[in-house]
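The values are calculated or read from the model by the stated rules, or taken from the named source; none is laboratory data. Model, not experiment: these values are computed from the prediction. Positions of Cβ are backbone-derived with ideal geometry, glycine not excepted, and every protein chain shown enters the neighbour counts. Accessible surface areas use protein heavy atoms only, side chains included; no ligands, DNA or RNA. Shrake-Rupley method; radii C 1.70, N 1.55, O 1.52, S 1.80 Å.
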Amino acid sequence: QVQLVESGGGLVQPGGSLRLSCVASGSIFNVYTMDWYRQTPGNQREFVARITSGLSTSYAGPVEGRFTISRDNAKNGVYLQMNSLKPEDTAVYYCRASRPFRSTEYWGQGTQVTVSS
């Protein structure tokens, strides 16, 4: 079992920055692939960024070059640095943990990000 708790969301003006955090507990953190997803009302949850246990990263097209995912295994944490934020980045952001070739996945409760002037 893995418990995930996100934090760091809030209200920011267009062009601003936020850093989201997700802290995991309950299992060996460094074996997990960690993802950030986001969801807006009425829409499916969409992939934002990924970091593997080997520190490989990947990003969705709309955030490439503006967002950076990182992890600190000593702190059981994964982070999403979001720069040059746009109104269309407004969403609830979720942290997800999974392991390759295993069906089990874990989700946090989400943190709201609102980009508005």
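Summary table
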item	result
Total charge dipole magnitude, the chain, about the Cα centre, Cβ charges on Lys, Arg, Asp, Glu only, Debye to nearest 20	180
Separation in nanometres of the label points that stand 7 Å from Cα toward Cβ, at S103 and E46	2.9
Solvent-accessible area per residue for the range 1-44 (1.4 angstrom probe, square angstrom)	53
Whole-Hz couplings from phi, Karplus 6.51/-1.76/1.60, listed for the range 14-29; x for Gly and Pro	x, x, x, 10, 9, 10, 8, 10, 9, 10, 10, 9, x, 7, 6, 5
Cα gyration tensor of the range 14-117 - equivalent ellipsoid semi-axes, whole Å, descending	23, 14, 12
Two-site FRET efficiency, A74 against Q39, from Cβ-Cβ distance with R₀ of 22 Å, rounded to 0.05	0.15
Centre separation in Å (Cα based) which lies between the range 79-96 and the range 1-75	8
Whole-number D in µm² s⁻¹ for the range 36-80, Kirkwood Cα-pair radius fed into Stokes-Einstein, 25 °C, 0.890 mPa s	214
